[in-house]
Structure formats: C-alpha cells, structure tokens
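See structure below.
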Amino acid sequence: MTAPKMNHQTRLPIREGRDSLTPRPLTVRRSVNPHAPGSAHLTMGRTEILATVSIEDKAAPHMRGLKEGWLTAEYAMLPRATTDRQARERSLQNGRRHEIQRLLGRAMRASMDLRPFRNQTLYIDCDVLVADGGTRVASILAAHAALHDLCDRMVRAGKLSEWPLLHNVGAISVGFVGDELRVDLDYAEDKVARADLNVVATSTGLLIETQGGAEAGPMTTEEFTRLMTTGVTAVQGLMVDLGQQLAVRPGV
C-alpha cells in the first residue's frame, strides 16, 4: 500500500544549499538578556527565537508541600514575525499558542531534575522574532539553551551544587514533500508537505514526543516510522552542534 501522491501540478519547493536530510544552519548565543538569570537567542535558517528563564520564589499551587519545583512555559509571536502583521497576542485562549506552550513545558520538564528548585517556579518565555517555519521546534532548542545558561550561571555562583539538566532535549520537523523525506521544513515546505511530524528527543536518541500526521490523505505505518526515526537521528545531530556552541570556555 502506498500513500497518495500530491497533485502533479503542485510545484515543490527547491532547497538551496542543503540536501533533504540536512537541517538549516543553527546558531545560538547565550546570556543575551542582562535581566534574566538565563537566556538565549537562536536562529534556524531565517527563524529567530529569543528565550529567557525566570525564577519565582513561589511554589506552583499544585506543587505545594512537594519536594520539587515546577517549570512552565509561554510562547508568543511578535506582530511582524511573519510577512503580514499579526495582531499582538493578548489572550491565552489562542489554541495554537496554548498547544505550543504545553509542548514546551513538557519537553523542558522532561529534561530537568526540579528537586533543587523546591518551592520555586521556573518560567520559560519563548518569543518568535522572525518566523519561517519550525517555530515550535526552534523554541524547544532555544529553551534548552536558555536553561543551560541558567544552570551554568547558578552552578558557577554556588547556587546549585549539582548540574540539574538530566537530558539535552531538542526537536526537529520532518515531513514528506511530494515523495521526498525532508528534515527541518521551512515555511514553503511546510505548506505543501503531505505529512509532517515535530519530533522531540534527547541527544542520546530517547523519544519524548511527536506531534503531527498526514495532511493530504493517510500515510502508511512504514512512512510514519521513517519520519519518527529520521527525526530522532536529526535531533541527535542538532544537539551535537548546539552543545558545541553552548560549551563554556574557562574564564568566560
């Protein structure tokens, strides 16, 4: 059984400067916000994310009396992050925004030992400065970089005795554009993909979550498995790159 093909009249986006399994160039800078205890600016191709971490000395209501802290996330897109101005988001009722925030929170909680943050709440804010596809996976990568920045600074300052990041967690989009499996879809590719997944995984190849599915008719279980396994492998490669850029040099 084969999945349905795209309309032959559909013009598929052409990739320039990378093959089908190569992600867009990734760059990250940490400690970019002087007011936040942890922050990072990340770009993937033309997509840009600013992530900050804040700590509130107050337990989340459902964590009171327990032996660990809590981590939550917020996500927003600036009005001119896209080609046309979008109204500034003023309500948490936006369904897409709420979904991405929950994904961010789950991914980052899976990466951390929150016991050192007992009676505290960590807030991760991810703001999309420029959007060209993959904003939720780029936000996960930026959030991880900002948490890395927070933890490194707290360990160096003696506020943490042990490194609390248990896993290096990242994410990538994968999809079938026509019959070609592509990694890290930009906006033009995402619009015409017949199936796509956002894959969240660790640098050691452990799967945390997938989101997505078929867009133009059903796909086979074999195709879904290819998307998932390709995504996990791509995340591992991304995390090597991200880890090298986040490495702290002595005295810095």
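The values are calculated or read from the model by the stated rules, or taken from the named source; none is laboratory data. Just so you know, these numbers come straight off a predicted model, no measurement behind them. Cβ placement follows ideal geometry from the backbone for every residue including glycine, while neighbour counts extend to all protein chains displayed. Ligands, DNA and RNA are excluded from the accessible area calculation, which covers all protein heavy atoms including side chains. Shrake-Rupley method; radii C 1.70, N 1.55, O 1.52, S 1.80 Å.
A straight Cα-to-Cα reach below 13 Å connects Lys67 with the aspartates and glutamates Asp113, residues fewer than 8 places away in its own chain not being considered. Each residue, Arg156 and Glu68, gets one label point 7 Å from its Cα in the Cβ direction; the gap between the two is 2.7 nm. Each residue of region 96-109 was assigned a 3J(HN,Hα) from its phi angle through the Karplus expression (A = 6.51, B = -1.76, C = 1.60, θ = phi - 60°), giving 5, 4, 5, 4, 5, 4, 5, 4, 4, x, 5, 5, 6, 5 Hz with x at Gly and Pro. Given a 1.4 Å probe and every protein chain left where it sits, what share in percent of the accessible area of region 23-157 is carbon and sulfur? Here carbon and sulfur together make up 47 percent of the probe-accessible area. Taking label points 7 Å from Cα along the Cα-to-Cβ direction, Arg80 and Arg97 give a separation of 2.0 nm. Taken over the C-alpha atoms, region 21-170 has Rg and Dmax values of 15.4, 47 angstrom. For the chain, adding -39500 (n - 2.57) for each run of n ≥ 4 DSSP H residues and dividing by the number of residues yields -9000 deg cm²/dmol at 222 nm. Shown here are the Rg and Dmax of the Cα trace of region 154-194, at 19.0, 53 Å. Taking every protein chain into account, the accessible area of region 46-143 amounts to 50 square angstrom per residue (probe 1.4 Å). In percent, rounded to a whole number, the relative contact order of the chain is 22, using alpha-carbon pairs under 8 Å and six or more apart.
Expressed as a whole percent, how much of the Cα-Cα distance distribution for region 200-241 exceeds 17 Å? Working shown, then result.
Working: 292 of 861 pairs.
It works out to 34 percent of all Cα pairs.
Scalar couplings 3J(HN,Hα) for region 40-51, obtained by applying the Karplus form with A = 6.51, B = -1.76, C = 1.60 to θ = phi - 60°, are 7, 10, 10, 10, 10, x, 9, 7, 10, 10, 10, 10 Hz; x denotes Gly and Pro. Taking every DSSP beta bridge that has both ends in the chain, the antiparallel portion is near 85%.
The slack between Ala247 and Glu209, meaning 0.36 nm per residue of separation minus the straight C-alpha distance, is 11.1 nm. Over region 62-136, the Kirkwood radius and the radius of gyration, each from Cα atoms, give a ratio Rg/Rh of 1.07.
Roughly what percent of Cα-Cα pairs across the chain reach past 24 Å? Write out the running numbers ahead of the final one.
Working: 15097 of 31626 pairs.
Result for the distance tail: 48 percent.
Measure off, as a whole percent, the carbon and sulfur share of the 1.4 Å-probe accessible area of region 168-252, all protein chains present.
Numbers: 1960 of 3710 Å².
Summing carbon and sulfur atoms, their accessible area is 53 percent of the total for region 168-252.
I'd like to know how region 166-252 sits against the 2.2 N^0.38 Å rule of thumb: what's its Cα Rg over that expected value? Numbers along the way, then the final one.
Numbers: Rg = 14.7 Å, N = 87, 2.2 N^0.38 = 12.0 Å.
Ratio of Cα Rg to 2.2 N^0.38 Å: 1.22.
When both region 40-93 and region 179-252 are represented by their alpha-carbon centers, they are found 21 Å apart. For the options Pro25, Pro164, Pro37, a Gaussian network treatment of the chain with springs between C-alpha atoms closer than 10 Å singles out Pro25 as fluctuating the most.
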